[in-house]
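For reference, the structure discussed in these notes is given below.
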Amino acid sequence: MSDVYLDHAATTPVDEKVLKAMQPYFGDIFGNPSSVHTFGQRADAALQKARRSMAGTFGCQPKEVIFTSCGSESDNLALRGAALAARDQGKGNHILISGVEHHAVTHTAQQLERLFGFDLECIPVDRYGGVNPDSVAERIRPDTILVSIIHANNEIGTLNPISEISTLCRERDVLIHTDAVQGAAHFPLKMDDLKVDMLSIGAHKFYGPKGVGALYVREGTPLIPVQTGGSQEFGKRAATENLPLIVGMAKALQMVHEEADQRLKNTQKLRDRVISNVLGAIPDSTLTGHPERRLPNHASFAFQGLDGNLLVSALDVEGFACSSGSACKTGNPEPSSVLLSMGFDRGWAKGSLRVTVGKDTHQKDVDVFLDVLPVVVKRLRELT
Ligand SMILES: *Cc1c(COP(=O)(O)O)cnc(C)c1O
């Protein structure tokens, strides 16, 4: 039974202002944006406003913002859509992804390899889980059609040099997608800086509602729709638009941009407090991911000879919600593939803990957590 939430990389609560912005679209403004009548037109006006608002924060054109149902769907649409478009146009077969992608990218890429015959290659990461631009450059071939590199890893928080990577991809005329689902919660992402062709976000990671996301698709990027039907989303994704959630996502993204500095200050201070305390108080512990180039709210560790899932359960009993590795791997006894690909051996990789604070996390709660954690770790180590 936990009541202190330290798992903001898994999901975040919907901000009150976001909830308020969505409310009318569950009620009075319920029309289908594709309908010709006034009900439809009112809905369409709100849809276009949300799209313009998101395009404004990204610094892109409204028609480059495709609404989806989640970050996972955005990743799926980016990879599958671009790969199938390349196939359709008789281009090459080679896809490059990093060794620390979210499953929404890895499993999609693996399916493209297994069922569609694409040639998938994984780019190794350094010991911090970072992707070196040279490692990308060195693997690009004449038949490479797509590179997908995560902007900030969800398990270990490491940030990747996306604009450097996108620059070298563009020089070689290869499409570049980035999964920015984590980063979008902290940084006002600008497409002019990132220079990618496609970028995925999901609203529930930045105080928006679950079940809605977006894919930025640069104008002119060939993309075959994964979900076919009506001509919504510029023919790139069929479905009657989920207007309440889209309005909520636009509001939540706008708030990230408005509050970024203040949120960064709050979370970074708490993150650094967690990191220095844990490493100082717990023997045989190490930080996973890059010490500086990491998400501002993200502290992740490995403890030797400990079971991360047991640790998370024990912390829950003490009142703290954290995670071990990624939330998508609940109950999976296997050590994290991300940590293994960074060179951790199994004895360390099994004992991972992720602590991610939020914009409203209180320091006093963090301090109680920091008192409790070493005691719990010691107790579990004595048991095994
Ligand atoms: C959460 C997450 C996803 C999946 O997003 P959903 O909206 O939950 O589908 C994809 N990539 C990363 C890096 C994530 O953290």
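Take segment 88-108 and flag every residue that is away from the ligand (no atom under 11 Å from the Cβ), touching a helix residue (DSSP H, G or I) at 6+ places or on another chain (Cβ under 7 Å) and open to solvent by 10 Å² or more (accessible area, probe 1.4 Å).
Gly92, Gly99
A quick yes/no check of all residues on (1) polar (S, T, N, Q); (2) free of Cβ contacts under 8 Å to residues at least 12 places away in the same chain; (3) surrounded by fewer than 24 Cβ atoms within 10 Å (Cβ to Cβ):
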residue	(1), (2), (3)
Thr286	yes, no, yes
Phe301	no, no, no
Gln304	yes, no, yes
Ser336	yes, no, no
Met342	no, no, no
Ser352	yes, no, no
Asp365	no, no, yes
Val372	no, no, yes
Thr384	yes, no, yes
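When you check Phe58 against the structure, is it aromatic (Phe, Trp, Tyr), more than 16 Å from the ligand (Cβ to nearest atom) and in contact with a Leu (Cβ under 7 Å, 6 or more places away or on another chain), yes or no?
Details: aromatic (Phe, Trp, Tyr): yes; more than 16 Å from the ligand (Cβ to nearest atom): yes; in contact with a Leu (Cβ under 7 Å, 6 or more places away or on another chain): yes.
Spelling it out, Phe58 is indeed aromatic (Phe, Trp, Tyr), more than 16 Å from the ligand (Cβ to nearest atom) and in contact with a Leu (Cβ under 7 Å, 6 or more places away or on another chain).
Could you please let me know if Gln41 is over 24 Å from the mean Cα position of the chain (by Cα) and among the polar types (S, T, N, Q)?
On the way: over 24 Å from the mean Cα position of the chain (by Cα): yes; among the polar types (S, T, N, Q): yes.
Spelling it out, Gln41 is indeed over 24 Å from the mean Cα position of the chain (by Cα) and among the polar types (S, T, N, Q).
Only one of these is under 11 Å from the mean Cα position of the chain (by Cα) and touching a residue at least 40 places away in the same chain (Cβ under 8 Å): Lys205, Lys190. Name it.
Details: Lys190 fails: under 11 Å from the mean Cα position of the chain (by Cα).
Every option except Lys205 fails the conditions.
Would you please name the residue that is nearest to the ligand (Cβ to nearest atom), looking only at residues in segment 7-55 that are in contact (Cβ under 8 Å) with a residue 40 or more places away in the chain and among the β-branched types (Val, Ile, Thr)?
Only one residue tops the list, namely Thr11.
Of the conditions (1) open to solvent by 10 Å² or more (accessible area, probe 1.4 Å); (2) free of Cβ contacts under 8 Å to residues at least 60 places away in the same chain; (3) within 27 Å of Trp348 (Cβ to Cβ), Val125 satisfies every one except a single condition; which number is it?
Here Val125 clears every test but (2).
Which of (1) surrounded by 20 or more Cβ atoms within 10 Å (Cβ to Cβ); (2) within 16 Å of the ligand (Cβ to nearest atom) is the odd one out, the single condition Ala82 does not satisfy?
The number of the failed condition is (2).
Inspect all residues belonging to segment 129-138 and state whether any of them is within 14 Å of the ligand (Cβ to nearest atom) and either surrounded by fewer than 22 Cβ atoms within 10 Å (Cβ to Cβ) or acidic (Asp, Glu) (or both).
Checked against the condition, which is being within 14 Å of the ligand (Cβ to nearest atom) and either surrounded by fewer than 22 Cβ atoms within 10 Å (Cβ to Cβ) or acidic (Asp, Glu) (or both), segment 129-138 yields no hits at all.
Based on what the data block shows, is Gly308 more than 20 Å from the chain's Cα centre (by Cα), crowded, with 19+ Cβ neighbours inside 10 Å and in contact (Cβ under 8 Å) with a residue 12 or more places away in the chain? It would help to see each step written out before you state the result.
Details: more than 20 Å from the chain's Cα centre (by Cα): yes; crowded, with 19+ Cβ neighbours inside 10 Å: yes; in contact (Cβ under 8 Å) with a residue 12 or more places away in the chain: yes.
Criteria met by Gly308.
Across segment 177-209, what is the number of residues that are within 26 Å of Arg141 (Cα to Cα), away from the ligand (no atom under 16 Å from the Cβ) and in contact with a helix residue (DSSP H, G or I) (Cβ under 7 Å, 6 or more places away or on another chain)?
Applying the first criterion (within 26 Å of Arg141 (Cα to Cα)) to segment 177-209 yields 177-180, 191-200.
Subset that is away from the ligand (no atom under 16 Å from the Cβ): 191-193, 195, 197.
Adding the requirement that they be in contact with a helix residue (DSSP H, G or I) (Cβ under 7 Å, 6 or more places away or on another chain) leaves 191, 193, 195.
Total meeting the criteria: 3.
Select, from Asp261, Asp284, the only residue that is of a type in the set (Asp, Glu), in contact with a strand residue (DSSP E or B) (Cβ under 8 Å, 6 or more places away or on another chain) and within 30 Å of Phe301 (Cβ to Cβ).
On the way: Asp261 fails: in contact with a strand residue (DSSP E or B) (Cβ under 8 Å, 6 or more places away or on another chain).
None of the other options fit; the residue is Asp284.
Across segment 1-45, which residue is most open to solvent (accessible area, probe 1.4 Å) among those that are farther than 19 Å from Ala250 by Cβ and hydrophobic (A, V, I, L, M, F, W, C)?
Only one residue fits best here, namely Met1.
Among the residues of segment 142-177, which ones are of a type in the set (D, E, K, R), surrounded by 15 or more Cβ atoms within 10 Å (Cβ to Cβ) and touching a Gly at 6+ places or on another chain (Cβ under 8 Å)?
Scanning segment 142-177 gives a single hit, Glu155.
Of (1) farther than 16 Å from Leu383 by Cα; (2) open to solvent by less than 10 Å² (accessible area, probe 1.4 Å), Asn277 satisfies all except one. Which?
Among (1) farther than 16 Å from Leu383 by Cα; (2) open to solvent by less than 10 Å² (accessible area, probe 1.4 Å), the lone unmet condition for Asn277 is (2).
Confirm whether Val36 is in a loop (DSSP other than H, G, I, E, B) and of a type outside the set (Lys, Arg).
On the way: in a loop (DSSP other than H, G, I, E, B): yes; of a type outside the set (Lys, Arg): yes.
Yes.
The values are calculated or read from the model by the stated rules, or taken from the named source; none is laboratory data. If you're wondering where the values come from, they're calculated on a predicted model, not measured in any experiment. FYI the Cβ positions are ideal-geometry reconstructions off the backbone, even for glycines, and counts take in every protein chain you see. For the accessible areas, the whole protein counts, side chains as well, though only heavy atoms, and no ligand, DNA or RNA atoms are used. Shrake-Rupley method; radii C 1.70, N 1.55, O 1.52, S 1.80 Å.
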